[in-house]
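Down below is the structure, laid out as structure tokens.
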């Protein structure tokens, strides 16, 4: 006879009552990921809110016509509470003295962050030749950010014994010591710095000669004399100087004029080339588009005798 076995409900598992395990919140995980303390994060959030509210309040007061003294008083109160310039971060600076930039940034009627005139700081910086442009901004609660775009030195300008660095547009940058001359082109003469863009265009017309030009003198505020690394001087005309320089480059490439011991090449009259020797002898040759007459070729003897059909005078 079979027996029916009744099965009862499964035994209940014992439940251990006590504190539930805390799950880490998203905020806690973010704090751990950033690597800063909860207290530091709370302070940053507080200052951000305070700064935003302060700026909105000042803008609203200005829009509503509230007297400036009220807005200033509010800003000064925020400054005393810690919302003031205490740090300055400068980027992009290579040549200009950083202390000058710090002095300009700190020269404020008030260091309360809302009262710092960012555009005024920028305009003061732009008065210095080295600074081509500047961007000034706030980083709450206490930092000014200044990014500077500097000009690049392109040449040294000499006038009345004074040497100055200039950029490619002729803007004056800083003094140069004769004992520390940089490896840059030298331009000489009154107002020669204002002719720097035209001078660069002139050299671009004859790139083969450019590495050999040691200095350029702006003569009579109308034309150039070029001095080469061989100490020879080329006098260029007032008009069509680039065309004359190209002709000279072609003649030099064909007959090697530079480095022969000549003193001066005169092309002030673009139709002819006058060559002067150290003993004051001169030779002249006509120049046409295809250079049918070769320029002076000296045999090296005293008196500078010229051959190749050059007329002496």
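Any read-out appearing in this document is the output of simple, stated calculations on the displayed coordinates, not a laboratory observation. Source: prediction; values computed, not measured. Heads up, the Cβs are rebuilt from the backbone with ideal geometry, glycines too, and the neighbour counts pull from every protein chain shown.
Listed by Cβ neighbour count within 10 Å, with the fewest neighbours leading, 152, 113, 164, 267 appear as 152, 164, 267, 113. Would you please state which residues of the stretch 89-117 a label at residue 174 would reach in this model, taking the label point 7 Å out along Cα→Cβ and a backbone N cut-off of under 20 Å? 89-106, by backbone N distance to the label point.
Residue exposure proxy: 209, 263, ordered by other Cβ atoms within 10 angstrom of their Cβ from fewest to most, comes out as 263, 209. Annotation: extensible slack from residue 89 through residue 240 equals 49.4 nm (criterion: 0.36 nm per residue apart, minus Cα-Cα distance). Ordering 204, 232 by the number of other Cβ atoms within 10 Å of each residue's own Cβ, fewest first, gives 204, 232.
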